[in-house]
Each structure stands twice: as structure tokens, then as C-alpha cells.
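Comments concern the structure below.
Just so you know, all these numbers are worked out from the coordinates, no wet-lab data involved. Owing to the predicted nature of the structure, the values given are computational and were not obtained by experimental measurement. Using ideal geometry, Cβ is built from the backbone for each residue, glycine included, and neighbour counts are taken over all protein chains shown.
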There are 2 protein chains.
Amino acid sequence: MPDRPLISVVFVSRRRADHDDEYGEMAERMEILVREQPGFVDLVSVRDPVTRRGITVAYFEDEASVAAWKANPEHAEAQRLGVADFYESYDVTVAEVRRQYGFPANR
Amino acid sequence: MPDRPLISVVFVSRRRADHDDEYGEMAERMEILVREQPGFVDLVSVRDPVTRRGITVAYFEDEASVAAWKANPEHAEAQRLGVADFYESYDVTVAEVRRQYGFPANR
């Protein structure tokens, strides 16, 4: 079990083949903004430029922080643009973390 | 809530800058093998060839399936090779899925 409750939000997306610059600016802005969200814990994001598929995993302290981030006005506008211009498809999975481990073990 | 219990396993890794061919073969084999694991539900994987950072998310029906996959002898050998040859670092997060949604909504 983690020391404290932890909620993971996994965002899997496939980008359309246009709007590269606008998308890059938006994504960069969102990565900055989410870190300002109270309850934010961590973020990791990978995109394959060839397949245009990306996975972002964000961790929050609780569901209230997840809800507040989803409702953040600037993020809401980014979500609207995502559907309108950027994404062919995406999936969001919200889960409660049970355990974490890694290598090297003591970083 | 999902229709049935669902466990997500998020594997975040950074590859070393060598052993590309062996890694590719191993990763391909693991993606085939995990789909044969009873209780396996779904898999999505993305790697950025420039940063060598990857995220794989696998879904299983229950913890018993996750444990069986972790203990699979061929997978155990891949884990050993991962530490010995392939990865600079990795993190595993096991979580219980609370909800999923996406766009387009009805795929």
C-alpha cells in the first residue's frame, strides 16, 4: 500500500495528423498547469511521434483533486480543443493505487 | 465503476542506449505472451525512441492474474534481463480501476 491514498489518471490518446504546433503549445501549458493543481503528486508522459499515440499518467492525492483538475477552466478549454482539433480518440482510466515498486529500488 | 473488477498495471521505464535488437525481440515476445495470460484484458504501450522512455499499461481481471503473469517463467527471465541489460530504471504501479471513459464515446 502507498503511504497515503493515491489516485492515478491514465490518459491514452491518438493524435490527428495536423495542428502539431498548437498541440505542442497546449500540451506544454497543461503539463505546467497540472503541477499547480492542489493535490497533484506526479506526472509522466510519453508520445511516439510515428504512431502519434501517447500515454500520460498523472497522480493525485484524492478524487477531489482529480475533479478540480478536470474542471479547471483552462484545462476544460484544452479538453474542448482536444475533441475539436487534436485527438482522433482518447481513453481516460481513473484508478486507486494499491502498490508501487521499481528499479533501482532506492532512488 | 467498470462492469467488473479491473486491475491496471502501469510500467514506466527508461531504456539504456544499447541492446536494441535483443530488447525489441523480448518486448515483442512479452506482448504476445501476456495476451495468453488467463485474466488478461487489454494492453497499450508507447515508447519514445528519442528519450527511450516508455509507458505500458496492462489490464487484468484480478490480482491473481497479475501475480500469475509476474511469476510466468518466461516473463521472470525477461524481468531478470530487464534489470541486467535493458533498463536504466523502471517503476510499476498496480491500481484498482474506478472508472473509464473516452472519445468518441461509443467505439
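What does DSSP give for chain B in terms of the percent of beta bridges that are antiparallel, rounded to the nearest 5?
100 percent
Mind listing the long-range amide H neighbours of A:SER89? Cut-off is under 5 Å, sequence gap 5 or more, other chains count too, H placed in the peptide plane at 1.01 Å from N.
Amide H neighbours of A:SER89, under 5 Å, 5+ apart: A:ARG14.
For the stretch B:20-40 and the stretch B:52-107, what is the separation of their C-alpha centers, rounded to whole Å?
What the calculation gives is 11 Å, centre to centre.
Can you compute the charge dipole magnitude of chain B about its Cα centre, using +1 on each Lys and Arg Cβ and -1 on each Asp and Glu Cβ, nothing else charged? Give it in debye, rounded to the nearest 20.
Dipole magnitude for chain B comes out near 480 debye.
Where q = 0.08, 0.13 Å⁻¹, what log10 of I(q)/I(0) comes from the Debye formula for the protein assembly as shown, counting one point per Cα?
Log10 of I(q)/I(0), two decimals: -0.28, -0.78.
Could you tell me which of rounded, prolate or oblate describes the stretch B:7-90, using a ≥ b ≥ c as the square roots of the eigenvalues of the alpha-carbon gyration tensor, with rounded for a/c under 1.5 and, failing that, prolate when a/b is larger than b/c and oblate otherwise?
Here the stretch B:7-90 falls in the prolate category.
Go through A:VAL66, A:VAL9, A:GLN79 and say which Cα lies farthest out towards the positive end of the charge dipole of chain A; charges sit on Cβ, +1 for Lys and Arg, -1 for Asp and Glu.
Result: A:VAL9, furthest along the dipole toward the positive end.
As a check on your grasp of the helix formula, calculate [θ] at 222 nm for chain A: sum -39500 (n - 2.57) over DSSP H runs of n ≥ 4, divide by the residue count, round to the nearest 500.
One gets -9500 deg cm²/dmol as the mean residue ellipticity at 222 nm.
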